[in-house]
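Asks: Please see the structure below; I have some questions.
The values are calculated or read from the model by the stated rules, or taken from the named source; none is laboratory data. Since this is a predicted model, take the numbers as computed values, not measurements. Every residue, glycine as well, gets a Cβ built from its backbone with ideal geometry; the counts of neighbours run over all protein chains shown. SASA here: full protein model, heavy atoms, side chains in, ligands and nucleic acids out. Shrake-Rupley method; radii C 1.70, N 1.55, O 1.52, S 1.80 Å.
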Amino acid sequence: MKLFDLHCDTLLECLTKGKSLFQNDLQLSVERGLAYFPWVQCFAVFIPDNKRGESASRLFDDAADLLEREASLHPEIVLVRDRKQIDRLSQGQCGAILTVESGAAMRGSLEQLRHLHRRGVRMITLTWNGANELGGGVRAPGTLTAFGREAVREMERLSIAIDLSHASERLFYAVAEQTSGPLVASHSDSRTLCSHPRNLTDEQFCLIRDRGGLVGLNFCPDFLRNGGNAGIEDLYRHAEHFLSLGGEDVLAMGSDFDGTPLPNGISGVQSMEKIAAFFSRQGCSEELIQKIFFENACQFFRKL
Ligand SMILES: [Zn+2]
């Protein structure tokens with residue numbers, strides 16, 4: 001089975017707990033993910049809202065160092081810096097895309113943004129839940145700052161995908177207005193089905209669709225069902241809803257492994273095949289499943 005997952009927090013879990021990315025007891029280990037081929041995994045460096053300035057950029061560098069160290073220890077891990085590498089992956093390899101969750105890692109500097117790019121970052125979630133130098137998240141609903149405007153322009157120039165998961169609605173629409181390229185929500189579900197503020201309204205989803213972007217389904221039970229206690233069937237309900245909005249070429253996976261508790265029936269990266277089988281039993285064609293689990297994200301990064 002093919003897999004392209006837009007978001008996990010495993011890198012920071014490994015950094016803070018001193019665990020190996022390759023072999024561990026977390027929700028995602030590279031060793032377990034190697035069952036998929038091709039497998040492309042976005043590894044986010046999550047910068048908590050209390051890290052700013054030097055401490056934010058140090059955390060980024062420590063996590064990027066960890067990924068590079070793991071890649072040198074385990075040749076199975078291939079750092080994807082160039083889109084052409086995705087098509088060259090072979091069986092038994094993990095195509096690892098470095099991403100950043102919270103633009104605080106830029107510490108308000110375009111030079112630092114270029115440093116992130118040089119280290120391999122290909123997607124940045126502009127905020128976490130609070131506000132940072134770029135704008136406001138869902139818990140601090142501010143709009144795009146003057147630095148944020150410069151940053152998204154530079155991200156477009158560098159071909160770094162702009163990820164609006166966690167963004168406040170004001171920030172979301174301000175970024176849509178300031179940019180012309182595709183937009184991503186790497187790990188968000190539908191607010192029509194579950195009223196959590198981290199989820200996307202239908203209008204936001206359709207805007208991302210019209211701009212040729214991507215939305216990754218998040219496995220967080222609180223985003224899948226009001227009151228939590230979600231299962232694979234809830235993940236499917238969100239997929240079905242987005243598909244009903246014309247999301248066949250938009251929908252992707254954004255598991256959030258190691259950043260969230262998981263729904264009933266899902267234990268980690270090893271469960272992806274089970275989820276695909278569930279989608280198939282609900283009537284999704286093989287072609288549609290391939291799009292959701294791999295092709296849509298792959299096409300997006302090929303074109304970026
Ligand atoms: Zn997140």
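Asks: So if I check each of GLU101, GLU70, which one is more than 24 Å from LEU214 (Cα to Cα) and in contact (Cβ under 8 Å) with a residue 12 or more places away in the chain?
Replies: From the options GLU101, GLU70, the qualifying one is GLU70.
Asks: Give all pairs with beta carbons closer than 6 Å in which a residue from region 221-242 that is within 23 Å of SER285 (Cβ to Cβ) meets a residue that is open to solvent by 10 Å² or more (accessible area, probe 1.4 Å) and in a loop (DSSP other than H, G, I, E, B); count only pairs at least 6 apart in sequence or on separate chains.
Replies: GLY231/GLY265; ILE232/GLY265; ASP234/ARG225; TYR236/GLN282; ARG237/LEU193; HIS238/LEU193; HIS241/LEU193
Asks: Could you please let me know if ASP25 is in a loop (DSSP other than H, G, I, E, B), of a type in the set (D, E, K, R) and under 19 Å from the mean Cα position of the chain (by Cα)?
Replies: When the stated conditions are applied, ASP25 does not pass them.
Asks: Which one of ARG209, ARG225, ARG170 is under 17 Å from the mean Cα position of the chain (by Cα), away from the ligand (no atom under 16 Å from the Cβ) and open to solvent by 50 Å² or more (accessible area, probe 1.4 Å)?
Replies: ARG209
Asks: Being more than 16 Å from the ligand (Cβ to nearest atom) and in contact with a helix residue (DSSP H, G or I) (Cβ under 9 Å, 6 or more places away or on another chain) is true for just one of PRO38, PRO48. Which residue is that?
Replies: On inspection, the qualifying residue turns out to be PRO38.
Asks: Quick check on my filter: what residues within region 143-157 are open to solvent by 30 Å² or more (accessible area, probe 1.4 Å) and within 19 Å of ARG211 (Cα to Cα)?
Replies: If the condition is that a residue be open to solvent by 30 Å² or more (accessible area, probe 1.4 Å) and within 19 Å of ARG211 (Cα to Cα), then ARG149, ARG153, GLU156, ARG157 are the ones that fit.
Asks: Right, another one. Can you confirm whether region 280-289 contains a residue that is at pLDDT 95 or above, within 17 Å of the chain's Cα centre (by Cα) and open to solvent by less than 20 Å² (accessible area, probe 1.4 Å)?
Replies: Checked region 280-289: no residue is at pLDDT 95 or above, within 17 Å of the chain's Cα centre (by Cα) and open to solvent by less than 20 Å² (accessible area, probe 1.4 Å).
Asks: Which members of region 158-180 meet the condition of being out of contact with any Phe, Trp or Tyr (no Cβ under 7 Å at 6 or more places or on another chain) and not in a helix (DSSP H, G or I)?
Replies: Listed by number, the residues that qualify are SER159, ILE160, ALA161, ILE162, ASP163, SER165, ALA167, SER168, THR179, SER180.
Asks: Only residues in region 1-14 that are under 13 Å from ILE86 (Cβ atoms) count as the first member; pair them with residues that are among the small types (Gly, Ala, Ser) and crowded, with 22+ Cβ neighbours inside 10 Å, Cβ under 6 angstrom, at least 6 apart or cross-chain, and list the lot.
Replies: Final answer for the pair search is PHE4/ALA297.
Asks: Okay, moving on. If you scan region 270-290, which residues turn out to be in a helix (DSSP H, G or I) and without any contact (Cβ under 8 Å) to a residue 24 or more places away in the chain?
Replies: If the condition is that a residue be in a helix (DSSP H, G or I) and without any contact (Cβ under 8 Å) to a residue 24 or more places away in the chain, then SER271, ALA277, SER280, ARG281, GLU286, GLU287, ILE289 are the ones that fit.
Asks: Name the residues in region 228-258 that are among the aliphatic types (A, V, I, L, M) and either assigned to a helix (DSSP H, G or I) or within 16 Å of the ligand (Cβ to nearest atom) (or both), would you?
Replies: Answer for region 228-258, where residues must be among the aliphatic types (A, V, I, L, M) and either assigned to a helix (DSSP H, G or I) or within 16 Å of the ligand (Cβ to nearest atom) (or both): ILE232, LEU235, ALA239, LEU243, ALA252, MET253.
Asks: Suppose we filter region 82-111 for residues that are in contact with a Ser or Thr (Cβ under 6 Å, 6 or more places away or on another chain) and away from the ligand (no atom under 16 Å from the Cβ); how many remain?
Replies: Matching residues across region 82-111 total 1.
Asks: Identify, please: which residue in region 1-14 is within 16 Å of the ligand (Cβ to nearest atom) and assigned to a helix (DSSP H, G or I) and is, among those, most open to solvent (accessible area, probe 1.4 Å)?
Replies: In this case the residue turns out to be GLU13.
Asks: Anything in region 104-133 that is of a type in the set (A, V, I, L, M, F, W, C) and either open to solvent by less than 10 Å² (accessible area, probe 1.4 Å) or over 28 Å from ASN199 (Cα atoms) (or both)? List them, or say none.
Replies: ALA104, ALA105, MET106, LEU110, LEU113, LEU116, VAL121, MET123, ILE124, LEU126
Asks: Output the number of the condition that ALA140 fails; it satisfies all remaining conditions of (1) within 18 Å of the chain's Cα centre (by Cα); (2) surrounded by fewer than 24 Cβ atoms within 10 Å (Cβ to Cβ); (3) within 16 Å of the ligand (Cβ to nearest atom).
Replies: (1)
Asks: Continuing with the same structure: Which condition number in (1) surrounded by fewer than 21 Cβ atoms within 10 Å (Cβ to Cβ); (2) touching a residue at least 12 places away in the same chain (Cβ under 8 Å); (3) basic (Lys, Arg) is the one that LYS84 fails?
Replies: Result: LYS84 passes all but (2).
Asks: Could I ask something else about it? Which is of a type in the set (Gly, Ala, Ser) and on the phi > 0 side of the Ramachandran plot, of GLY283, GLY254?
Replies: GLY283
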